[in-house]
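Engineer: This is the structure I have questions about; it appears just below.
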Amino acid sequence: MKTCLNCNTPVDGDFCSKCGQKSSTHRYSIKHFLTHDFIHGFLYLDRGLLYTVKELFIRPGHSIREFIGGKRAKHINSFTLLLLAVMIGHFLNELSTIKIADLVNIEGRNFVSRIEEFSITYPKLFILSTIPVYAIFSFLWFKKAQQNFTEHLILNTYRASGELILTALFTLLTIFYRNIDILVIIYSFLSFALTAYSTWFYYQYFSAFGYKKPILLIRSFMAVISIILVTAIITMIITKVGGR
């Protein structure tokens, strides 16, 4: 007899009699990721949207670690959430008359406009292209956790969705509030908020794998900083190639 990974109830059948989760739920692998989550995430809207969004801003790392560990009945599929976050962000961006280029120093406006144009034209490609980079660095910085690469892809998909939701809230603000001077300040704070969010996410997620708290905090922050630097380089290459 199997044990439900979501609620630890003994299961004799295809579904748990207590929470309803499939008894076939297992650890993530490349095969499961490609044949189920990736395709399923783009074709179906699962239940659990509000629950997952709430968890991403109350206990993001703990909740997603539990999800990857098998407690999946309450959560929305990671790629379904990502797709929704991208679509909502794109829709809000279309409604807003204020663009990122309006909120940075004039010397950087041309470069930022090209990045923004690429991200708006190919939103799913832009976001999806950064997730493997995040996964590589979280895998390298937290090898002791012994999470496989697919699990790093999943946890970083949820983390990226949290960042996209924060960004969408800022875009929503620009629709109703258009004081550029104040928005510049808020946008500057948003950049720090996104870095803090990812650091917090990693700190919570990997807190159950034996890292001492000071070391865990340093590793979480350095993982984010490493990702930011590499992503900036990749973005520059993409925009340079795209501008030819």
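Engineer: For segment 136-244, what is the accessible area per residue in Å² when the probe is 1.4 Å?
Structural biologist: I get 53 Å² per residue for this part.
Engineer: Here's something else I'd like to know. Counting Lys and Arg as +1 and Asp and Glu as -1, what is the net charge of the other residues whose Cβ lies under 11 Å from the Cβ of Tyr197?
Structural biologist: Around Tyr197, the charge tally is 0.
Engineer: How would you order 154-162, 86-94 from highest to lowest mean count of nearby Cβ atoms within 10 Å?
Structural biologist: Details: 154-162: 24.8, 86-94: 16.0.
My ranking of the peptides, most packed first, is 154-162, 86-94.
Engineer: May I pose another question? Can you compute the modelled spin-label distance between Glu94 and Ile215, with each label point 7 Å from Cα toward Cβ, in nm?
Structural biologist: Here the answer is 5.0 nm between the modelled labels.
Engineer: What does the highest-first list of 199-205, 209-215 look like by mean Cβ count within 10 Å?
Structural biologist: 199-205, 209-215
Engineer: Same structure again: Taking R0 as 22 Å, what's the FRET efficiency between Phe192 and Asn148 from their Cβ-Cβ distance, rounded to 0.05?
Structural biologist: Working from the Cβ atoms, E equals 0.10.
Engineer: Give a residue-ordered list of calculated ³J(HN,Hα) values for segment 154-159 (Karplus: 6.51 cos²θ - 1.76 cosθ + 1.60, θ = phi - 60°; whole Hz; x for Gly, Pro).
Structural biologist: These are the phi-based 3J(HN,Hα) values: 5, 5, 6, 5, 5, 4 Hz.
Engineer: Hey, can you grab everything whose amide H is under 5 Å from the amide H of Val11? Only 5+ residues off in sequence or another chain; H modelled, so Pro and N-termini drop out.
Structural biologist: Excluding prolines and chain starts, which carry no amide H, the hits are Lys2, Thr3, Cys4.
Engineer: Per residue of segment 70-79, what does 6.51 cos²θ - 1.76 cosθ + 1.60 with θ = phi - 60° give for ³J(HN,Hα)? Whole Hz please, x for Gly and Pro, Karplus curve as stated.
Structural biologist: Karplus values, whole Hz, x for Gly and Pro: x, 8, 10, 5, 8, 8, 7, 4, 4, 7.
Engineer: Nearest 0.05, what FRET efficiency do Asp12 and Arg59 give at R0 = 25 Å with Cβ-Cβ as r? Mind dumping the intermediate values first?
Structural biologist: Numbers: r = 32 Å, r/R0 = 1.28.
Once rounded, the FRET efficiency stands at 0.20.
Engineer: Over segment 154-235, what is the mean sequence separation of C-alpha contacts under 8 Å (at least six apart), divided by residue count, expressed as relative contact order in percent?
Structural biologist: Relative contact order for segment 154-235 comes out at 27 percent.
The values are calculated or read from the model by the stated rules, or taken from the named source; none is laboratory data. From a predicted model like this one, the values you see are computed outputs, not experimental measurements. No Cβ is skipped: glycine too gets one built from the backbone with ideal geometry, and neighbour counts run over all protein chains shown. With ligands, DNA and RNA removed, areas are computed over all heavy atoms of the protein, side chains included. Shrake-Rupley method; radii C 1.70, N 1.55, O 1.52, S 1.80 Å.
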